[in-house]
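Dumping the structure here so I can ask a few things about it.
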Amino acid sequence: MTTTEATPVDTKDPVNAAILAVSEDKIQGFQADPFGEISRLSGVELPVVIERIQAMLRAGTIRRVRQTMLATNLARGALVAWVVPEEKLNATFDWMFKEDPFSGHVVIRSTDQKISASRYRLWTTLKVPQGYSLEKHCQLLCEKTGATTFKLLPAKRLFALGVGHVRRRGLEPGSKADVLADVTDTDIVELSELDWRVLVPLKREFAADEIKPNLWQARATEAGVSLEEFNRVARSLNERKVVGRFSTFLEHVKQTQAGEQVTRYNALFHWAVPVGRELEAGREVGRFHIMTHAYWREAGEEFGNVNVMGVAHGTDKDLVLAHKKAIDEHLVSIGIPVTYTNVFWGGRSEIKPSEIAPQAYAAWCRKMGVEPDAMKE
């Protein structure tokens, strides 16, 4: 038996849990030595951190390790709700996941309430590089798949963006930070050719064999720059709020090799609050520890004029609803009325990083039989 095979790979192992409590979403921004930082914050020695992350990645407990980007600042993006005939739903899901590198999360959702918006069963996240049209991209996807209608829901502001499934285990409903959530703008940042040359290898996920102390040297070589220059550009991207977190992403939808299912319920919460109070409500929602994502997004009349959305995960549906009830009650208690609320539950789900590089988009357009210039805004 190899060392890796003998290494515990389940998330409940105390050493793994200590590592994951940090590595899922606590390593913010660019770090020249991210595994060293995980070691420092978790109290686990660096060789053990590397061994455990390698083992969990090989076993599928961790589905990817990568430096995330704040893609909302790099590319035009939106949450997209799709209407797809039921008999074409799974085939359209497969196409979006396998054939469109610009669609990230692909989820089939349902809602407990019988409302007109329930016909939007397929939900995706979409990013297209600067200068290209989200609307045209979605129209092309309709032509290529069984989708008949779509609704673009771009984020106006972000209030929470993290994962931390291990860290969120056992949270009591109503658990929240003492301070309001920060507000992140979605202004687009323009990059130079050198910026892109560093960013493309910087954001690509790591294979298990690449998990090592001197993490960025090979990526600097790929970018054609020295390690010092690579780190300088990465820090500059970080200062311009382009870089997100360095993260080990757990397989939280499917059962892992260790027999675990980290979460069972993926809930997209909707709230409608009075116009003009979106920032206030979003900062309140985003302070609740259960929320992995919280945004100001506007969906219009068909969705009850919802303007604050968020995502929470859990293994027990009633507990997820108890968390939502605590948030609902908190909003009312501080004088923010909720005129509409709903939950869209996630079913079948696949997740991959959205591609954002302009050259990749041009190549994909040609593969689809479309001239890239025809897809510009």
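Could you put Val343, Val308 in order, starting from the residue whose Cβ has the fewest other Cβ atoms within 10 Å?
Numbers: Val343 19, Val308 31.
Ordered by Cβ neighbours within 10 Å, fewest first: Val343, Val308.
Continuing with this model, one more query. I'd like the Karplus ³J(HN,Hα) series for the range 125-138: coefficients 6.51, -1.76, 1.60, θ = phi - 60°, whole numbers in Hz, and an x wherever there's a Gly or Pro.
So the Karplus estimates, Gly and Pro as x, are 9, 9, 10, 10, x, 3, x, 9, 9, 4, 4, 5, 4, 5 Hz.
Can you compute the radius of gyration and Dmax for the range 272-316, using only the Cα atoms, both in Å?
11.2, 35
What is the extension gain from Tyr340 to Glu86, computed as 0.36 nm multiplied by their sequence separation minus the C-alpha to C-alpha distance, in nm to one decimal?
Length gained, Tyr340 through Glu86: 88.8 nm.
Do you know the relative contact order of the range 1-146, to the nearest whole percent, from alpha carbon pairs under 8 angstrom that are 6+ apart?
Relative contact order, the range 1-146: 21 percent.
Between Ala218 and Val189, what is the label-point separation in nm under the 7 Å Cα-to-beta-carbon projection?
If labels sit at Val189 and Ala218, their model points lie 2.6 nm apart.
Now for a different question. So how much slack lies between Gln130 and Leu171, counting 0.36 nm per residue of separation and subtracting their Cα-Cα distance, in nm?
10.8 nm
Then there's this: Suppose the chain between Leu41 and Arg277 were pulled fully straight at 0.36 nm per residue; how much longer would it get relative to their current alpha carbon spacing?
This chain segment gains 81.3 nm when fully extended.
From Cα pairs below 8 angstrom and at least 6 apart in sequence, can you work out the relative contact order of the chain, rounded to a whole percent? Intermediate results must be reported in sequence, preceding the final value.
Values: 737 pairs, mean separation 96.7, N = 377.
Once normalised by length, the contact order is 26 percent.
Running Debye on the range 9-49 with equal point scatterers at the Cα sites and no solvent, what base-10 log of I(q)/I(0) appears at q = 0.13, 0.24, 0.25, 0.29 Å⁻¹?
Cα-only, vacuum Debye calculation for the range 9-49: -0.23, -0.74, -0.79, -1.00.
At a Förster radius of 30 Å, what calculated FRET efficiency corresponds to the Cβ-Cβ distance of Ser118 and Gln139, to the nearest 0.05? Display every interim value, and only then the final one.
Numbers: r = 23 Å, r/R0 = 0.78.
Calculated value: 0.80.
Ranking request for peptides 328-335, 187-194: highest mean number of other beta-carbon atoms within 10 Å first, then the rest in descending order.
Values: 328-335: 12.8, 187-194: 11.1.
Going from most to least packed, we get 328-335, 187-194.
Computed from the coordinates by the stated procedures, all read-outs in this text should not be read as laboratory data. No experiment lies behind these values; they were computed from the predicted model shown. We place every Cβ from the backbone using ideal geometry, glycine too, and count neighbours over all the protein chains shown.
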